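Notes follow the structure.
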Amino acid sequence: MGLDILLFLILGLFVGTFGTLVGIGGGLICVPIFIFFLSDGGVYPYFHTAAQITGTSLVIVFANALSGTLAYIRQQRVYFPAAVPFALATLPGAFLGSYIVDDFTGPMLYISYGSFLLVMALLMYWNATHKKHTDVHTLPAGFTFNRSLGIGSSAGVGFISSIFGIGGGVIHVPLMVYLLGFPVHMATATSHFVLACSAAFGVVSHVWLGHVVWTPAICISIGAAVGAQIGAAISQKTKSKVILVLLSLAMFALGVRLIWMSGML
């Protein structure tokens, strides 16, 4: 058990650092690791249902997102006129997703999550390598965005966040960059605020429904909270294109692996 706790803390440190750097909350990393190594048939079978995987992951997403958000607020990179309405829009979907996830079987979770990651990874990689991104940490004077599109999309983000246990940053960051015109660094910071709010609401639902396995949830969350501070500091010195390419490559690899595990390949 002592070794398990140490490994969970180290995993959380990595999850928090990378998740905050690219604005995704860390669930993108936790869910596949839980499936591959910590579910039935893995090395340490902590999880027995898809609901336990997503519920526990969402606790870690919340810890990571909250810690990262506090760091980004200190850096004055959270754009509250977008962050607050986007966060409120995610809440109904987060609640609904926590109930629907009980109907997911293992293979269904693998194929749906893996396919989702592949599509998002390809779109993000193409845009990262074919469009120019400026490395700015503030918004230009007179900046405006499509509020209705952002709020409408955020409602779907909350649902996906809760049902997959990943946090919505994997959608919110590309959405804010490519559709709403946010600079990458502002998008990752603002997305983290939205993640913290939607994940908090989803966590309450998952805890209420008994979906959280507490040993990995607490230990990985502690490591993630520390790692989030590191990721926020590193992001200030990282080019926008590098952030987007790293995120897309990680998403693609994990998507292929999950689809393979579903038995479709």
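The values are calculated or read from the model by the stated rules, or taken from the named source; none is laboratory data. None of these values were measured; they are calculated from a predicted model. Methodologically, a virtual Cβ is constructed for each residue, glycine included, from the backbone with ideal geometry; neighbour enumeration extends over all protein chains shown. When the accessible area is computed, the model is the full protein with side chains, heavy atoms only, and any ligands, DNA or RNA have been set aside. Shrake-Rupley method; radii C 1.70, N 1.55, O 1.52, S 1.80 Å.
Could you please find all residues in region 1-32 being aliphatic (A, V, I, L, M) and either within 22 Å of Ala200 (Cα to Cα) or touching a Gly at 6+ places or on another chain (Cβ under 9 Å) (or both)?
As a first pass, look at region 1-32 and keep what is aliphatic (A, V, I, L, M): 1, 3, 5-7, 9-11, 13, 15, 21-22, 24, 28-29, 31.
If the condition is that a residue be aliphatic (A, V, I, L, M) and either within 22 Å of Ala200 (Cα to Cα) or touching a Gly at 6+ places or on another chain (Cβ under 9 Å) (or both), then Leu9, Ile10, Leu11, Leu13, Val15, Leu21, Val22, Ile24, Leu28, Ile29, Val31 are the ones that fit.
Give the number of residues within region 202-232 that are open to solvent by less than 20 Å² (accessible area, probe 1.4 Å) and among the polar types (S, T, N, Q).
Of the residues in region 202-232, 2 are open to solvent by less than 20 Å² (accessible area, probe 1.4 Å) and among the polar types (S, T, N, Q).
Here is a check on your reading of the model: is Gly158 open to solvent by less than 10 Å² (accessible area, probe 1.4 Å), within 16 Å of Met120 (Cα to Cα) and within 12 Å of the chain's Cα centre (by Cα)?
no
Report every pair of residues separated by at least 6 positions or lying on different chains whose Cβ atoms are under 6 Å apart, first residue within region 173-196 and of a type in the set (S, T, N, Q), second open to solvent by 10 Å² or more (accessible area, probe 1.4 Å).
Close Cβ pairs (under 6 Å, with a partner that is open to solvent by 10 Å² or more (accessible area, probe 1.4 Å)) amount to Thr190/Val78; Thr190/Tyr79.
What helices (runs of 4 or more DSSP H) lie completely within region 174-265 and have 2 or more residues being of a type in the set (Lys, Arg)?
Where helices (runs of 4 or more DSSP H) fall fully within region 174-265 and carry at least 2 residues being of a type in the set (Lys, Arg), they are 240-261.
Given the residues Ala217, Ala189, which is the only one that is closer than 30 Å to Ala141 by Cα, modelled with pLDDT of 85 or more and of a type in the set (Gly, Ala, Ser)? Let's see the steps before the verdict.
Values: Ala217 fails: closer than 30 Å to Ala141 by Cα.
Being closer than 30 Å to Ala141 by Cα, modelled with pLDDT of 85 or more and of a type in the set (Gly, Ala, Ser) holds for just one of Ala217, Ala189, which is Ala189.
Does Ile151 meet the test of being touching a Phe, Trp or Tyr at 6+ places or on another chain (Cβ under 6 Å) and modelled with pLDDT of 90 or more? So that I can check it myself, show each step before the final result.
Values: touching a Phe, Trp or Tyr at 6+ places or on another chain (Cβ under 6 Å): no; modelled with pLDDT of 90 or more: yes.
No: the conditions fail for Ile151.
Test Thr17 against the criterion of being farther than 27 Å from Leu149 by Cβ and crowded, with 19+ Cβ neighbours inside 10 Å, and give yes or no. If you could, list the steps in order and put the result at the bottom.
On the way: farther than 27 Å from Leu149 by Cβ: yes; crowded, with 19+ Cβ neighbours inside 10 Å: yes.
Yes; evaluated as a whole, the condition is true for this residue.
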